[in-house]
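Before any comments, here is the structure.
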Amino acid sequence: MKFNRFNVVAVMAIAMLLGVLSVSAFAGTTLDKVKAAGEIAVGNSPDYPPFESIGDNGERVGFDIDLLSAMAKKMDLKVKWVTMEFAAIVTAVQSGQVDMGMSGFSITPDRAKQVSFSAPYIASGQVIVTRPDSNITSAADLKGKKIAVQLGTTGEQQADKIEGAEVVKPESYNIAFMMLRNKAADAVIADLSVADEYMKQGTFKRAGEPLSFEEFAIISRKGNDPLLKALNEALEAVKKDGTYDALVKKWNL
């Protein structure tokens, strides 16, 4: 068949129509999509122990990992973890690059403008961590000091409130605590459980009382109500069958 400008236009029109029909045929909620695929793609930054990190065998481990795996089992889904920088996860959720994000996300008003939250699954707060030889005992002692915090976290928000302090914002808490250990920073502000995990190394100590009270939740794209409803039901199910309490104990939360 020879193509002229008329049948080329016709072919293009048919292709566009088929594209529309294809999209319509598979249009549905994110929950419909993940059920059809049998798996859910989850944005995660594995540098936040004990919630998510890379274990000695190279596998992703942590409370978030175990909890979502148990929840996904209730939903008859597999979990596809997608590694990315923490600060990029919200954007990835908004754009549909991933179906949801679970990486120690605290519920905050600013984030609530960008994404939707599941029911809270654990409570925590931000604390100051220093070296054993430090004379820092409270937030007031941080004036004129250098604080390291992970970019995009609520620790960053707490650090920015401290007047007279220099705040540096690396992309991970691994780097932040390395800076503290090497005396490139005077303190780190981090989640309570994360701070406790790093203090197991014996080279850090907490200073003063927690700076905040926070609740963690899963994040999803705005308007993703069916998926959030299913996640909340799965969370409730693992709480009722004892799995949740066992994981809290396992990870010392």
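The values are calculated or read from the model by the stated rules, or taken from the named source; none is laboratory data. From a predicted model like this one, the values you see are computed outputs, not experimental measurements. Quick reminder, even Gly has a Cβ in these numbers, built from the backbone with ideal geometry, and neighbours come from all protein chains shown.
General observations
- Selected residue (criterion: surrounded by the fewest Cβ atoms within 10 Å (Cβ to Cβ)) from residues of the stretch 127-142 that are part of a loop (DSSP other than H, G, I, E, B) and of a type in the set (S, T, N, Q): N135
- Residues of the stretch 156-207 that are in a loop (DSSP other than H, G, I, E, B) and in contact with a Gly (Cβ under 6 Å, 6 or more places away or on another chain): G164 alone.
- Filter result (buried (at least 18 other Cβ atoms within 10 Å of the Cβ) and farther than 21 Å from K205 by Cβ) within the stretch 162-181: K169
- Residues within the stretch 208-253 that are among the hydrophobic types (A, V, I, L, M, F, W, C) and either part of a loop (DSSP other than H, G, I, E, B) or under 30 Å from L142 (Cα atoms) (or both), tallied: 7
- Note on the stretch 206-222: residues that are surrounded by fewer than 18 Cβ atoms within 10 Å (Cβ to Cβ) and over 19 Å from the mean Cα position of the chain (by Cα) amount to 4.
Here is a yes/no grid of residues against (1) farther than 24 Å from A88 by Cα; (2) surrounded by 24 or more Cβ atoms within 10 Å (Cβ to Cβ); (3) outside the structural domain of Y48 (by TED's automatic domain parsing); (4) in contact with a Pro (Cβ under 8 Å, 6 or more places away or on another chain):
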| site | (1), (2), (3), (4) |
| --- | --- |
| G144 | yes, no, yes, no |
| G155 | no, yes, yes, no |
| D160 | no, no, yes, no |
| K183 | yes, no, yes, no |
| I189 | no, yes, yes, no |
| L192 | no, no, yes, yes |
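- Where I218 falls short, out of the listed (1) modelled with pLDDT under 95; (2) touching a Leu at 6+ places or on another chain (Cβ under 7 Å): (1)
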